[in-house]
């Protein structure tokens, strides 16, 4: 009898290993298409360079989600780029409930997820992450926090995704906080070749508050990132603080960012200071906005200053569908020199 019981137990165990139960997740499909015509006039033109070009950025998003009887929501989210050799952009699992939310995998950390962004002329051209740009620059002239290991659209120094664990608290009276940890990290932003290895234990903490006071919407937030060096050398860090106010159809905001992109190798440290202000008017399907970005990079005792001013607007012609246009001008570092540019963009953004 004992032998029969042991044999039965072994058969059950083998069945569980051979054919595990499939999670019953409801599959959702989404994504976006961002297509633009871009005209650029710049001082640092290359031989046989075109002034006019079509640019686009397209992603397909897959989300599987279910809510269990105990109230726990479980999901998996995958973002696949159509351009850029079809690279995987994000892939992570998440768990959420009344206690908050946990993300596990290749996803932005708390310092970005809770970051405040200033209003923009066109969020694809001058927003928190620049998707469409045609002028030359030694750096990504946007103002997202230097995500150590995060893959960023248009990143010039590598696309090495990093898996991390993030916890976000539920909102209490408009307040929310978060913390992230990644055991392996790589430095992805900056004009210097700061290296993509040799960094570990990336920590991020952030908090923000969203509320209203006498009819005025207010958002304030801040975040901090720090990374250890494997060899015990310099440790990169960065922090951001921002605010946004909205009244009727008008909004105004600003963000300030400091980054110390130190390298464990012999490469000189890169210190970056960025501030942005923006304003917008939204009335029904119409949007009009303007922003100004100023950035200073200190590398090996040399200072490189850059700025970008943008004005533009858009029209929503259907759910998730907009026509957009913007004019940007400024100065960006090219081959170590500060060069002027003017850029005009017109296009459409379709989210599905």
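Taking the conditions (1) assigned to a strand (DSSP E or B); (2) at pLDDT below 85 in turn, residue 251 satisfies each one other than (2). Among all positions in the stretch 143-164, there is at least one residue which is over 30 Å from residue 334 (Cβ atoms) and either modelled with pLDDT under 90 or crowded, with 20+ Cβ neighbours inside 10 Å (or both).
Of all residues in the stretch 317-338, those being modelled with pLDDT of 90 or more and in a strand (DSSP E or B) number 13. Taking residues in the stretch 294-305 that are at pLDDT below 80, and partners anywhere that are in a strand (DSSP E or B) and surrounded by 19 or more Cβ atoms within 10 Å (Cβ to Cβ), the pairs with Cβ atoms closer than 6 Å and at least 6 places apart or on different chains are 299/270.
Hey, does the stretch 274-284 have a residue that's free of Cβ contacts under 8 Å to residues at least 60 places away in the same chain, closer than 30 Å to residue 222 by Cα, buried (at least 16 other Cβ atoms within 10 Å of the Cβ) and over 23 Å from the mean Cα position of the chain (by Cα)? The answer is yes, given that some residue of the stretch 274-284 is free of Cβ contacts under 8 Å to residues at least 60 places away in the same chain, closer than 30 Å to residue 222 by Cα, buried (at least 16 other Cβ atoms within 10 Å of the Cβ) and over 23 Å from the mean Cα position of the chain (by Cα).
The values are calculated or read from the model by the stated rules, or taken from the named source; none is laboratory data. Note that this is a predicted model, so its numbers are computed, not measured. In this analysis, Cβ positions are derived from the backbone assuming ideal geometry, glycine residues included, and neighbour counts consider all displayed protein chains.
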